[in-house]
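All of the numbers you see were taken from the coordinates with simple rules; none came from a lab. Remember, predicted model here, so these are calculated numbers, not experimental data. Cβ placement follows ideal geometry from the backbone for every residue including glycine, while neighbour counts extend to all protein chains displayed.
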Amino acid sequence: MPLNVLFAARPERWETYEAPLKTALAEAGIKARLATDMPADEVDYIVYAPNSGVEDFTPFTRAKAVLNLWAGVEDVVGNPTLHLPLARMVDHGLTQGMVEWVTGHVLRHHLGMDAHILGQDGIWRKDVPPLAPDRRVSILGLGALGQACAETLGRLGFAVTGWSRSQKEIDGMTCLSGDKGLVSALQSADILVLLLPLTRGTENILNAKTLAHLPRGAVIVNPGRGPLIDDDALLAALDKGEIGHATLDVFREEPLPAEHPFWAHPHVTVTPHIASETRPRSASQVIAENIRRGEAGEPFINLVDRDLGY
């Protein structure tokens, strides 16, 4: 008998995921009926986006897991009706996209590209940037995405420091944790990259107090979560010249309202949440692998720790 797999996401997602999911399931040897609507008590697995219409998981009495389409789970992990295993999305397409975006913007600020792209004024200014080993980069968040970005920047020669909630050991990188470690990571950041999950402990982790630990003129690159930063505190630090520039891909409200001061600020770059997008083909392979594991009695991959929130 085929498995019943409910695709619970917005209609436009179904248009892009239907064919890749069916292909991935077939390649994994899984016989499944994939649909956007079916009786809740007949569903075996839920492929889920938190902005779908499914909010009450109580009727899904037969379901074995919820397989999130997004890397972030803050919009679902606290749902009191969800008692099923919840897996977040970690796929190589998403990781590759993040690595490319972060590396590109770190190199942009490291090399001072804006001065040449925007400053074609006929004046020959020979300002030679330091080499990568002399540019200190700190990454807050050492999950799959943070580690991948850190490894790539390290291979380019940057002096990379990583900070995470719990202590980690990664070859070739200084790893810090805890409150004191956070202060050290900030103090040693010419360029700061935010790749933390959004939890009660990370919201507003960059605020007036912590921003003050950054070297004057430091650059902030945030492709993680908008609420990691206190917007007002960041704007104040930018206006005072304490922070040199902020390149922001994620925001508290998206799309970012046209009247938000980030749009017009001369030292802010806004990108429209494009740093890392889940690719249907690679994401479908991850989903199919988790369904295969569930049916084989193997542990699911990328399971969310409910206590930690990610």
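Candidate cross-link partners of Lys168 among the lysines, defined by an alpha-carbon separation under 26 Å and a same-chain spacing of 8 or more, comprise Lys180, Lys209.
Counting other C-beta atoms within 10 Å, and keeping those with at most 16, which DSSP coil trypsin sites (Lys or Arg not before Pro) do you find in the stretch 273-310? Qualifying residues, ordered by number: Arg306.
Kindly put Leu235, Leu308, Leu248, Leu196 in sequence by how many other C-beta atoms sit within 10 Å of each C-beta, fewest to most.
Ascending Cβ contact count within 10 Å gives the list Leu308, Leu235, Leu248, Leu196.
Normalised by the number of residues in the chain, the average gap of Cα pairs under 8 Å and 6 or more apart makes the relative contact order 19 percent. The distance between label points at Lys126 and Asp171 comes to 4.1 nm (points 7 Å beyond Cα on the Cα→Cβ vector). Ordering of 98-104, 16-22, 188-194, 3-9 by packing is 188-194, 3-9, 98-104, 16-22, highest average first (other Cβ atoms within 10 Å, averaged per residue). Put in order of Cβ neighbour count within 10 Å, fewest first, the listed residues Leu195, Leu142 become Leu142, Leu195. Were the residues from Ala40 through Asn204 laid out at 0.36 nm apart, the gain over their Cα-Cα distance would be 55.2 nm. Among the GluC sites (Glu not before Pro) found in the stretch 207-310, those both in a DSSP coil and sparsely packed, with 10 or fewer other Cβ atoms within 10 Å of their Cβ, are Glu253, Glu259.
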